[in-house]
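The values are calculated or read from the model by the stated rules, or taken from the named source; none is laboratory data. Values in this document were obtained by computation on a predicted structure and should not be read as measured data. Positions of Cβ are generated from backbone atoms using ideal geometry, with glycine treated the same way; all protein chains shown enter the neighbour counts.
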Amino acid sequence: MSDNIAYLDLPAQIRGLRKELDAALARTLDNCSFCLGPDVAQFEKDFARYCDATQCVSFNSGTSALHVALKALNVGPGDEVITTPFTFVATSWAISYVGARPVYVDVDDATFNLDPALIERAITPKTKAILPVHLYGQPFDVDRILEICRKHKLPLVEDACQSHGAKYKGKVVGTFGEMSGFSFYPGKNLGACGEGGALVTNNSSYAARARALREHGSTVRYYHDEIGFNYRMEGFQGAVLGVKLKHLDDWTRERRRVAKRYTELLSNTPLQLPREPAFAESVWHLYVVRHPRRDELKKYLEENGIGCAVHYPIPLHLQKAYAHLGHKPGDFPVAEKAARECLSLPIYPELTDAQIGRVAETIKKFKF
Ligand SMILES: *Cc1c(COP(=O)(O)O)cnc(C)c1O
């Protein structure tokens, strides 16, 4: 069908930027700064400013940035980190990579984000940090979680990998905690042409440690102060991200248009629609609806030429990789139900009102 609607249309975005990208990539070929380099340094400055932060340390992925954030807090073996079971697995990888244990707390049914009411009972003497996610582009309830952090003297690390520019009570996410991690995976709201990530903070000693850890644990070449990593951002990605960052606010505005339109058109259907809490201004990385017959609806939409996806089909506590934590079905019922019901509809800046209309019309013809 000619009017198929892709779940994600990256070629549409790249087409519009092609001239700018070609020039930026050519500059990298000319200056041969392939690992870090001037474009990466400039992007770090620009992204720090975008996040209203003093420091941005670029990485080769969001996973690496989160890993190093926990490392900079000296979280290690025997420690526990409180986090959400309903997210992309990399949130938990960061905890596992430092040798600590992810301690899951169930999510809130309305927002899919960590439920602040359940956090305190999960805190033990081993708890060393809280790592919630601004999921789908929507900020978690920052103040309620920060209050718990202060009371128990625990650092907050924000997983902002899906939430570039999302606002909590009017302020962009990324500096509410001690540090935050962003991802520039191509499908994210701000995506590289390859892998990329960033650690954002207002704390210059965390930033300095992160810079050293990113580069083999050194600040002076060939002198290694601690065991480090090769987590540098590539020069090409810095060049690409510098071009794309200039468009991010426009893209966010378009994503908000798409979400608003879906919400208007789908309000009279049996679907449970996403809602922005009063404190949040979402950047709509994903538009996730819910229905108990999700699998049938997904198959039906795909048969009718509409791409869709499931984020995420299995909560982390039930993943094989985390079997050693000893969880069983029923441990986090809200996350498990969300995993059964969630369906991500196409959402990207280039999606036209006509396409949104077709998605909505097709959904309305489903035999609910
Ligand atoms: C994408 C993502 C990550 C990991 O980012 P990468 O750049 O792919 O390593 C971490 N957490 C969440 C919530 C993500 O969506």
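Numbers at a glance
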quantity: Output for the range 147-175, where each listed residue is out of contact with any Gly (no Cβ under 7 Å at 6 or more places or on another chain), crowded, with 24+ Cβ neighbours inside 10 Å and on the phi < 0 side of the Ramachandran plot; calculated: H164, V173
quantity: Top-ranked residue of the range 80-89 - restricted to ones that are crowded, with 24+ Cβ neighbours inside 10 Å and not hydroxyl-bearing (S, T, Y), ranked as nearest to the ligand (Cβ to nearest atom); calculated: F86
quantity: Any chance I130 is among the β-branched types (V, I, T) and assigned to a helix (DSSP H, G or I); calculated: no
quantity: Enumeration of residues in the range 133-147 that are in a loop (DSSP other than H, G, I, E, B) and of a type outside the set (A, V, I, L, M, F, W, C); calculated: H134, Q138, P139, D141
quantity: Whichever residue in the range 24-79 is closer than 21 Å to P132 by Cα and among the charged types (D, E, K, R) and, among such residues, is nearest to the ligand (Cβ to nearest atom); calculated: K71
quantity: Residue in the range 220-233 that is in a helix (DSSP H, G or I) and either within 30 Å of A24 (Cβ to Cβ) or more than 22 Å from the chain's Cα centre (by Cα) (or both) present; calculated: no
quantity: Subset of the range 257-294 [within 16 Å of the ligand (Cβ to nearest atom) and either surrounded by fewer than 20 Cβ atoms within 10 Å (Cβ to Cβ) or under 19 Å from T352 (Cβ atoms) (or both)]; calculated: W284, L286, Y287
quantity: Residues located in the range 109-136, provided they are touching a residue at least 60 places away in the same chain (Cβ under 8 Å), within 16 Å of F332 (Cα to Cα) and within 16 Å of the ligand (Cβ to nearest atom); calculated: T111, F112
quantity: From the options L273, L265, residue that is among the aliphatic types (A, V, I, L, M) and free of Cβ contacts under 8 Å to residues at least 40 places away in the same chain; calculated: L273
quantity: Candidate set: the range 178-191, residues that are under 15 Å from the mean Cα position of the chain (by Cα) and in a loop (DSSP other than H, G, I, E, B); chosen: the one surrounded by the fewest Cβ atoms within 10 Å (Cβ to Cβ); calculated: G187
quantity: Residue list for the range 271-291, filter: out of contact with any helix residue (DSSP H, G or I) (no Cβ under 6 Å at 6 or more places or on another chain) and part of a loop (DSSP other than H, G, I, E, B); calculated: L271, P274, R275, E276, P277, A278, F279
quantity: Inter-residue pairs, beta-carbon under 6 Å, first outside the structural domain of H67 (by TED's automatic domain parsing) and in the range 90-103, second within 13 Å of the ligand (Cβ to nearest atom) and charged (D, E, K, R), 6+ apart; calculated: none
